[in-house]
Every structure is written in C-alpha cells, then in structure tokens.
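Notes follow the structure.
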Amino acid sequence: MTVQSALQNAVWVGTDYVGSPIIERRFTLDTVAENTVLTVTGLGYFKASVNGIPVTDDRFQPHVTDYERRAFTKITYPCRDTFTHRIYVCTYPIADLLKNGENILTIQLGDGFYRQHERVAEGEMSYGDILKTVFALTAGEDVLLVSDGTEVWRKSEIVKSALFLGEIHDRTAIDETAHPVMTLPAPDSILCEQIGTPDRVIRRITPTCLGVVGGKTVYDAGENISGVVRVTKPAGKVTLRFAEELLEDGSLDFSTTGADYTCASGAKQIMCDTFIGEGTFEPQFVWHAFRYFDVEGDIDDCEVLVIHADTPVTSTFSSSCEGLDFLYEAFIRSQLDNMHGSIPSDCPHRERLGYTGDGQNCAEAAMMLLDSRAFYRKWIRDILDCQSIDNGHVQHTAPFQGGGGGPGGWGCAMVLVPYAYYQQYGETDMLADCYPAMVKWVEYLCGHSEDGLVVREEDGGWCLGDWCTYDTCILPEPFVNTYFFVRSLDMLTEIAEVLAMHEDIDRFRALANDCREALCRTYYADGHYCDGIQGADAYALDIRLLPDSAADALADKYDALGRFDTGFLGTDILLRVLFDYGHADTVLHLLSSEARGSFLYMKRHGATTVWEDWHGGASHNHPMFGAPARLLYQGFLGIHRAEPGWNRIEIVPQIPAALDSIAGSLDTPRGRISVTIKRDRDTLCAAVTMPEGTDGIFRYGDAAEKLHAGENLIRM
C-alpha cells in the first residue's frame, strides 16, 4: 500500500505546546496480522513507540525537506522563488510490538528545523508554531486505523527542544494530564515514502575528564564529533555545554561554534543541555558538534554518543606521509559529522545548512569513500525541489534555509552533483530525472550573463566567486562563475549524449565556447588569467584555456609558495589540475607543508576535522576544504573509473620520489579495489586487487600491464 493510500483518510493532529508533546492513541485489536505496519510522519521530528517500545532506532525522523510554504518576510537574503514542497513519510513493521486487546501508540514531537525560532542569522526561517503528526496502521490493503482527532497529547519531560541550542529535560515536573489534540489542515505538500539514509548512534566514546575549571568539570571526547552526551545523575540539576576548542585557562571556547550569533531570545548561540531529576538522560531531538564539554552539577557517569547518517566508511588509506593520512582521516570525520537528515551540511553546529557549494565540492569524494548512494539520491531531490518553479533559479542551500553563495560554485550543484552520482554509480535514470532542471538552470544563467560572462544572480542577494581564500578574495566573481558554467556545459554535453538528447548537444558546445572566448577576452594577459592570483591559472587549465606548458609554471609557483592561497573551490581545482598534468610532487609538497595555509597546520594546532578557513578563526568542522581527499586515490594511487559505474578500471599511479609507500582501497559498485605501492630502490612494487568479473590496465611511465580479477603483483 502506498503512503498516499494509507493516509488518504487520516487527519493531521497536533498542538502548539512549546515543549515536546506526546501524541497518544489507544486502540484495540482482536488479532494481530503479521503484515501490520505503521505509516507515520511528524513535523518537526518524531519518535514513535508502540506499547512503550520504539518502532525504530533511527534519529531525527523524518528527513529534513522544504516541508511546506513559508512567508519570507524576515530573511537576510531576499527570496522570491516558488518551490516544490515535500514531506517524507516513514513505514515501520510493528506486528511484533502489538498484542491482542488494547494497544497504545505514542508519537513524541520535537521542534527540529520546522519550529526553529531561535537562530536568526539567516532570518526567520521557521515553518510554524504547531507541531503535528499524521499516521495510519495498515495490514496489507486493509486500513486498521488512522489519526482522526480522537487522540490526546501529554507533556513529556522535554520542556524545551531547540535544534541549535539544546534541550531542557525536567523529570520532576512531568504533568501527565491528557489534552485534546488540534485537528489541522493538511500541508500543501507532496507526501511520499522516505528516501535517504537515517541518522543513528554509530559508536560510543568514553570521554576523558580534564579537571575542574571555574566550578565546571571539563571533558574531552578525543576528537571533534557530532552527537550527544548521555549522563546518569542523582537528583538535582546538571547543565552541559559544548565546544570544539579550549581557551588557555582550560575552559570552553565557544567562538568557532556560533557564539558570535545572537538568537531571537537575546541569548548567544551556545549549545547547552540541562537535565533536572534523577536517572539517565540524553537529548532526543537535537545533536551537538564538539570535542569538549563541561558539566555543572553532579553526575555519576557520562558517555558520548556519536550520531550521524549511517553511511559506513567504504575506503581505507595509509601512507608514509603524515599530511596525506591527515587529509583522509580529517575529511572522513568532517564529512560524517556533517551528514544529518540526508543533507550534507556545511558545519554541524553553527549553521547546519545544506549549502550547495560545500555539498557539490565534497559530493564526489563522499560518494567514493562512503556508502552514500541513498544519501545523495535524497539530497539531489532536495536540490531539485528547491529550484524555482518560475525561473529555474537554484538556491544556495537545499533544503532552502537562506544563506549566501553564488551561481557557479553553488548553483551549478544542479549539474555537478547528479553528474558525480552518475559517474560513481552509472545510473542514467538520475540524469534523466535531473535533465529538465539542468536545462532550466542553463537558461537562468544565460539570462544573468553579459557578453558571455555570468555577472549576477538574484537582486539583493549574493553573487560569490570563491570563498575562504587565504587572504581576502580578489579573484573576480564573473571569472569563477563563468568557469563553473563552462564546466557544467561540458558535463551537460556528455549527459545529452548519454540521454540521446541530440538537439541540445550543439547548443551546449556553442554556449561553452562563447563563455571560453569571453573569459579569454576579459581576463587573459601576459600568459596568465587574472594575473595568476588565487589559483586562477588552474581554473583556466581545467577548461582548456591555457597550453599544457602553463601547468609547469603553475607547479613552480606553488612549489615556491609552499602553501595554499586558494579558497575551497580553487583548492580542489588546483590539486586536481596539478595531478592532471603530472605534478604529483607539487601536490605532495603542498600536502606535506606545515605552514599556515596547509592541512598539517590545522593538525599542528589540534585539529581532528577540517577547518572552515586556513587560519582557524571560524568553524573547525567544515568538510569543504577536504574534498581533495578523493585525489589520494585518483592521483597518487591512480585508481580511475574508465567508464561510469566502474565498469572498466585503470590504475595509473603518480608516486613522487619522496613518497615511500601508499595503500588504499575503495568499495565500488563492482566490488573492492585495493592498491598497495612501495618503492624498492628504483623499482616500483605494486599489489592490486580487482573485483570479480572485472579487469583493467596498470600503467606506470611507458609500461603497462593487464590486470585480472583477484590479486595482481607488479614490479616496474
């Protein structure tokens, strides 16, 4: 039975209670059918139980979407667009939880993003004041019951649930009085079966007590994580606060997690939980992002629960170079910390938004290194849903929550992310689903171009080029945005060929050539684009605007500089281009650097996740700069898809003289590929394991050797 059929006669019910209400429905069954399922959703988040037993261990359900229409009267950046609104519905088998006779279904609701009034940095982005749910019990094609307004609601111990701030639990003041629910109009949204990857408790950490500072006990989780702290405590009140860093006196430093923002209530945006009463407590509808936390009050025990999307790590990596190992480990941890609600966020604390710029930059790496196929199917749907129905404009965040960006590095996620998905998984249906929206985006960019350059986006909004360069970004925005337009048009030409949309191919090629000519006409002089600033020549080389010899000069520049001067977009482009032109030694030099403006500089200053900027002044858990982690495989190890979906494989390693050993593996749709390379004086020794049913080629220098399924031992 479809969710639409199951919920056809169901009524949305809820309450405007400011805490976390529990909706209750009692019902009687004469017999329990083995195929009984619960179809349910709630806004913001819900937790459903039958006879006191949770129906799932999944957290933060349903996945975040642009649930329903909002009034954009108080937002920082103007929005005049019309979106497609969608609410995901979950289905759970519950026969084992039911019994003959009376049963109780409870659905507890939390604010989530739906009722989020506190954080106003992007403006008032809340959807409403009333938390609500709709549900049905079915067995096969039989509807056993639906939400109908006869339910009641009760207060829970959670008296406050603010996504960006934390929860307050008061077990001493629970009032179990039953109140009638409100019956509510159905949202003007698409209800559909949930897709994506749920959040779960992935692992547990026993934190280290660092001592008492200012009357508060400080703990260290040992790494920057997203999740919550579960505490067991005697009667009384306990308050926990969370941060990524410590100040010199050992107290918590809130500067990187949002304390510079003032909430609607006037409070600073600091993550904090308060528990009153006796027993074991943990937040239910929020996550925090932290390495350190302090505790004010007495506790008996505490445990850190690491929570994020259940996307297993499907890669391994190790090398003789500390910088390469750190890039891999820090990216994996940062990416996972930022995967909630099947949205790849920019940071898991201060903003928590699905920025299309950060997301497109990291998408290929996340798809390669994590089991994230279902995760990105859902996020691509968010990008499509938040494209303006009227004019094709693509938002800077998906689902839309405000935020600034630009039409190239952000909006071109409409093309870049589905293309990366196709390359990784070989699914042409994704391209077909997205193609009309991609074409509409091309038309939008053409309408916001002058003389072949993309020069503007929405009136009153942002039109960024790159972001978070080492120094103030002076790379011209039209240069960056037009580069991304060209790159997208090149991809669209390939996509049109795959989908047999032959009538579009010449148009895309002509548009791309017009943009290339405009870039050359406007920004080229004396052998460089934009005087070679902040990686500009890497952009130009990537779309074939400079001769191959320019790559040598680019490598010489960064060998001499010894660090990055690029923003998060340019850093990824720079390293990829250096590999494309055979300058792996320069890449190794940059990734081995400890200068400010390098990854090892972050590590030397205590980082376990990737910083938002090269100086460490902002968030310390932003995966966007870590996107080049995939180049450890594509570049040094040389693991390449010769066809989308890994149907053909080539191993073409680039091993600098200073790199003694390197090893890595990837779980692809065809199976696991592993490569181990060591040097034995002047001989390269490689062990390559190929999946069953595949073959490929190993190339190194002028030599080549055929690969077969299973283990291959190679000496060159």
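The values are calculated or read from the model by the stated rules, or taken from the named source; none is laboratory data. These numbers come from a predicted model, not from an experiment. With ideal geometry, Cβ positions are generated from the backbone for all residues, glycine too; neighbour counts draw on all protein chains shown.
Of note, GLU322 does not satisfy the criterion of being within 21 Å of ASN621 (Cα to Cα), touching a residue at least 60 places away in the same chain (Cβ under 8 Å) and surrounded by 18 or more Cβ atoms within 10 Å (Cβ to Cβ). Taking the numbered list (1) of a type outside the set (Gly, Ala, Ser); (2) closer than 17 Å to LEU105 by Cα; (3) in a loop (DSSP other than H, G, I, E, B) in turn, VAL40 passes all entries but (3). If you scan segment 23-49, which residues turn out to be surrounded by fewer than 22 Cβ atoms within 10 Å (Cβ to Cβ), aliphatic (A, V, I, L, M) and within 32 Å of the chain's Cα centre (by Cα)? The one that is surrounded by fewer than 22 Cβ atoms within 10 Å (Cβ to Cβ), aliphatic (A, V, I, L, M) and within 32 Å of the chain's Cα centre (by Cα): VAL37. Scan segment 340-386 for residues that are of a type in the set (Gly, Ala, Ser) and either in a helix (DSSP H, G or I) or more than 25 Å from GLY166 (Cα to Cα) (or both) and the total you get is 7. Right, ILE332: in contact (Cβ under 8 Å) with a residue 60 or more places away in the chain and either part of a helix (DSSP H, G or I) or not assigned by TED's automatic domain parsing to the domain that holds GLN424 (or both) or not? Here the answer is yes, as ILE332 does meet what is asked. Residues in segment 311-351 that are charged (D, E, K, R), over 9 Å from the mean Cα position of the chain (by Cα) and within 26 Å of ARG59 (Cα to Cα): GLU329, ARG333, ARG350, GLU351.
Checked against (1) crowded, with 17+ Cβ neighbours inside 10 Å; (2) touching a residue at least 60 places away in the same chain (Cβ under 8 Å); (3) assigned to a loop (DSSP other than H, G, I, E, B), ASP504 passes all but condition (3).
Restricting attention to segment 275-310, the residues being hydroxyl-bearing (Ser, Thr, Tyr) and within 25 Å of the chain's Cα centre (by Cα) number 1. Residue check: GLY402 meets all listed conditions (1) among the small types (Gly, Ala, Ser); (2) surrounded by fewer than 24 Cβ atoms within 10 Å (Cβ to Cβ); (3) at pLDDT 95 or above but one, namely (3). Determine, yes or no, whether GLY616 is out of contact with any strand residue (DSSP E or B) (no Cβ under 7 Å at 6 or more places or on another chain), surrounded by fewer than 22 Cβ atoms within 10 Å (Cβ to Cβ) and either closer than 24 Å to PHE326 by Cβ or not assigned by TED's automatic domain parsing to the domain that holds LYS557 (or both). When the stated conditions are applied, GLY616 passes them. The single condition from (1) basic (Lys, Arg); (2) over 17 Å from LEU416 (Cα atoms); (3) touching a residue at least 60 places away in the same chain (Cβ under 8 Å) that ARG516 fails is (3).
Yes or no, residue by residue, for (1) within 24 Å of GLY405 (Cβ to Cβ); (2) not aliphatic (A, V, I, L, M):
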position	(1), (2)
ILE474	yes, no
ILE495	yes, no
LEU511	yes, no
TYR524	no, yes
GLN534	yes, yes
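Against the list (1) out of contact with any Cys (no Cβ under 8 Å at 6 or more places or on another chain); (2) part of a helix (DSSP H, G or I); (3) touching a residue at least 40 places away in the same chain (Cβ under 8 Å), the condition ARG563 fails is (2).
Quickly run through segment 231-248 and pick out the residues that are farther than 28 Å from THR172 by Cβ and either in contact (Cβ under 8 Å) with a residue 60 or more places away in the chain or of a type in the set (Lys, Arg) (or both). Result: GLU244, GLU245.
Screening segment 203-268 for strands (runs of 3 or more DSSP E) wholly inside it with 1 or more residues that are over 29 Å from the mean Cα position of the chain (by Cα) and buried (at least 16 other Cβ atoms within 10 Å of the Cβ) returns the ranges 216-233, 237-243. Filter segment 447-479 for residues that are touching a helix residue (DSSP H, G or I) at 6+ places or on another chain (Cβ under 7 Å) and assigned to a helix (DSSP H, G or I) and give the result. Across segment 447-479, the qualifying residue is only PHE479.
Restricted to segment 96-120, and to residues there that are surrounded by fewer than 18 Cβ atoms within 10 Å (Cβ to Cβ) and out of contact with any Leu (no Cβ under 8 Å at 6 or more places or on another chain), the residue that is farthest from LEU163 (Cα to Cα) is GLU102.
Each residue in segment 424-443 was checked for being part of a helix (DSSP H, G or I), of a type outside the set (Ser, Thr, Tyr) and in contact (Cβ under 8 Å) with a residue 60 or more places away in the chain, and 5 of them qualify. Which one of ALA540, ALA553, ALA512 is more than 32 Å from the chain's Cα centre (by Cα), aliphatic (A, V, I, L, M) and modelled with pLDDT of 95 or more? From the options ALA540, ALA553, ALA512, the qualifying one is ALA553. Selection of segment 679-697 for residues being outside any strand (DSSP E or B) and either modelled with pLDDT of 95 or more or not basic (Lys, Arg) (or both) yields ASP682, PRO691, GLU692, GLY693, THR694, ASP695. A single entry from ARG509, ARG516, ARG576, ARG596 fulfils the requirement of being basic (Lys, Arg), out of contact with any helix residue (DSSP H, G or I) (no Cβ under 7 Å at 6 or more places or on another chain) and either under 20 Å from ASP466 (Cβ atoms) or part of a helix (DSSP H, G or I) (or both): ARG596.
Is it true that TYR425 is under 24 Å from TYR328 (Cβ atoms), in contact with a Phe, Trp or Tyr (Cβ under 7 Å, 6 or more places away or on another chain) and among the hydroxyl-bearing types (Ser, Thr, Tyr)? Spelling it out, it is not the case that TYR425 is under 24 Å from TYR328 (Cβ atoms), in contact with a Phe, Trp or Tyr (Cβ under 7 Å, 6 or more places away or on another chain) and among the hydroxyl-bearing types (Ser, Thr, Tyr). Taking the conditions exactly as written (of a type in the set (Asp, Glu), modelled with pLDDT of 95 or more, surrounded by fewer than 23 Cβ atoms within 10 Å (Cβ to Cβ) and in contact with an Asp or Glu (Cβ under 8 Å, 6 or more places away or on another chain)), does ASP301 satisfy them or not? Judged against the criteria, ASP301 is not a match.
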